[in-house]
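Here's the structure, in C-alpha cells; my notes come after.
We did not get these values from a lab; they are worked out from the coordinates using the rules stated. As the structure is a computational prediction, the values presented were derived from the model and not from experiment. Note that each Cβ is placed from the backbone with ideal geometry, even for glycine, and that neighbours are counted across all protein chains shown.
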Amino acid sequence: MTEHLMNTYARLPVAFVRGEGAWLWDEAGKRYLDALSGVAVCGLGHAHPAVAQAVCQQAQTLIHTSNIYRMPMQERLAADLCQLSGLDQVFFCNSGAEANEAAIKLARLYGHEVRQVAEPKILVFDGSFHGRTLATLSATGNRKIQQGFEPLVSGFVRSPYNDLAAVEALARANPDIVAVLVEPVQGEGGVRLPSAGFLPGLRELCDRHGWLLMLDEVQTGMGRTGQFFGFQHYAGLRPDVMTLAKGLGNGVPIGALLARVEVARLFVPGKHGSTFGGGQLAIAAAQAVLDTMRAEQLPARAERTGASLRHKLRQRLAGILDVKEIRGQGLMLGIELGRPAASIVQRALDRGVLINVTAERVIRLLPPLIFTEEQADLLVETLGTLLEEGL
Ligand code: PMP
C-alpha cells in the first residue's frame, strides 16, 4: 500500500500504534524503548497526560480562528518564552524550517533597513542543518540536501564550524554580512559540539560588525541539552534571534521565532504571516509542554540523566575498536564510530530499541527528557551488545 506515498523516506519496516513515556508499541504488540523521541520532539515522552488533556480540551473548545484576531493564548505563551530566554517578542509558525525562514527574512529586513546594505548576506556553517524549504536548504551546510534543487537561494556565506579565525577572514572579505545563523550543537551534522569559546567568540564578532547572532535551537531547544536553551550554557550570552520547533509541541506541529525588540519590530503588518501558525490547538499543546517542563524541572533532569548516560556508555563501550568518541550535552548524545554504521539502526530495532545514525557514522541518541536510569541501563546494554557484535 506504499505506492501512493511519495518516496521521500527510507522507512524502517515497523509501524507504531501506541506510546507511553519512553515506550512505543508496534502493531503486533511488541514494545520498544524510544531513544530518539521522534528526533528530539517528544521530550515529555509519548501520550503525556498534560499534553493530551490540553489538546482534548482545546479541541472541544476552539481549534482555530485566525491571526487576523487577537490571540490571548499566543500572548501568554510568548510571555513565558520571553521570560525563559531573555528575548522580547515571538512569531509563531508550524515547523523548524518555517521558523528559520522567518529568521532569514528578518535578517534581510535588518540588513536593508538598519544596516543599509543592498544585498545582505547571512553567515552559515559547514555541517549545519536548517530545514528543507528552499531558503533553509540553501543555508544548510550539506551538499546532498541541496543537490538537484539549484538554483539555490543566494545570500549565504559559508564558514567551517567551530573556527573563529575562518569567520574573521570571511568578515573581511564580505562587508555585506548582516547576521550569523548557527546551531549551538550541530544535530544532523553528527552531534558536533563547539569549543567553549566559539559561541561567545561569535557574539563578540557580531557586536563588533553589527551582525545579528541568530541561534537555530530547533533541535537543542526546550531542555534537550540540559538547559531550556542551548545558549544558556554560556553565562551572559544572549542571542538577537532564536528559532524553536521540535520539542516545543511534544509532537503537535509548532515553531517559533524569537527576537530582541529592536529587531523584532521590523516585522510590521504585511511583512510576514501564516494561516496555521500559533493556532489555538498548537498553542495549548506548547503551553502544557512548557508548564510541565518548568514544574518538573526537566532541563535539569536531562542534564543529570545525560551525564550519567555518557558515563555509562564510556564504561560499557570502552575497548570496542569501532567506537571513536562518545560526546554530547544533556540528552543530545553522539557515539562516533570508525566507519559507516547504517545497519545498526535495524539491528537495534530488532532488539526493541530505537536509535538513529547521522553523518553516516555517528549513532545519535535523543531520548525523552523523562528517561529513567533503568531505561538508560537498557539502552547502554543493548548498544554494548550490538557494537561488540560488530558493525
Ligand atoms: N533546524 C535544525 C537544527 C533541525 O535539526 C531541524 C530538523 N531536523 C530543522 C531546523 C528543520 O525542522 P523541521 O523539520 O521542523 O522543518
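The string of couplings for region 288-300 from the Karplus curve (6.51, -1.76, 1.60, θ = phi - 60°) is 5, 4, 5, 4, 5, 4, 5, 5, 9, 6, 5, x, 5 Hz, one whole number per residue in order, with x for Gly and Pro. Label positions at residue 82 and residue 47, each projected 7 Å from the Cα along the C-beta direction, are separated by 3.9 nm.
I'd like the per residue volume of the convex hull spanned by the Cα atoms of region 57-126, given in cubic angstrom.
Details: hull volume 11.0 nm³, N = 70.
It is 157 Å³ per residue.
Working note: Cα atoms of region 1-113, range along each principal axis, descending, whole Å: 56, 34, 28. Computed log10 I(q)/I(0) for region 120-193 at 0.21, 0.23, 0.27 Å⁻¹: -0.91, -1.06, -1.30, from the Debye equation with unit scatterers placed on every C-alpha and solvent omitted. Each distinct pair of alpha carbons in region 101-259 adds a 1/r term; the inverse of their mean, the Kirkwood radius, is 15.7 Å.
As a length-normalised measure over Cα pairs under 8 Å and 6 or more apart, the relative contact order of region 1-160 settles at 11 percent.
Using per-residue counts of other Cβ atoms within 10 Å, averaged over each peptide, order 40-52, 227-239 from highest down.
On the way: 40-52: 21.4, 227-239: 18.6.
Packing order, densest peptide first, comes out as 40-52, 227-239.
In Å, what Kirkwood hydrodynamic radius results for the chain from the alpha-carbon pair distances?
Numbers: mean 1/r = 0.0462 Å⁻¹.
Over the chain, the inverse of the mean reciprocal pair distance is 21.6 Å.
To the nearest 0.05, what FRET efficiency results for residue 276 and residue 347 with a Förster distance of 51 Å applied to their C-beta separation? Don't jump to the answer; show the numbers that get you there.
Working: r = 39 Å, r/R0 = 0.76.
That gives a FRET efficiency of 0.85.
Between residue 25 and residue 296, the distance separating the two model label sites (each 7 Å from Cα on the Cα→Cβ line) works out to 2.0 nm. A protection proxy built from the mean count of other Cβ atoms within 10 Å ranks the segments 331-340, 108-117, most packed first, as 331-340, 108-117. Taking each residue as 0.36 nm, the span from residue 56 to residue 134 lengthens on full extension beyond its C-alpha to C-alpha distance by 24.6 nm. Summary value for the chain: 22 percent relative contact order, contacts being C-alpha pairs under 8 angstrom separated by 6+ residues. Among residues other than residue 150 with Cβ under 14 Å from its Cβ, the summed charge is +2 (Lys and Arg +1, Asp and Glu -1). Remark: C-alpha extents of region 248-301 on the principal axes read 40, 25, 12 Å, sorted largest to smallest.
What is the calculated FRET efficiency for residue 75 to residue 385, with r their C-beta to C-beta distance and R₀ = 56 Å, to the nearest 0.05?
On the way: r = 51 Å, r/R0 = 0.91.
Working from the Cβ atoms, E equals 0.65.
How many times 2.2 N^0.38 Å is the alpha carbon radius of gyration of region 283-391?
Numbers: Rg = 14.9 Å, N = 109, 2.2 N^0.38 = 13.1 Å.
In units of the 2.2 N^0.38 Å rule of thumb, it is 1.14.
Calculated from DSSP H runs of 4 or more alone, at -39500 (n - 2.57) each and per residue, what is the 222 nm mean residue ellipticity of the chain, nearest 500? That comes out to -11000 deg cm²/dmol. Sketch the reach of a paramagnetic label on residue 152 as a point 7 Å from Cα along Cα-to-Cβ, and name the residues of region 202-222 whose backbone nitrogen lies under 15 Å away. Once the point is set 7 Å along Cα→Cβ of residue 152, nothing inside region 202-222 turns out to lie under 15 Å by backbone N.
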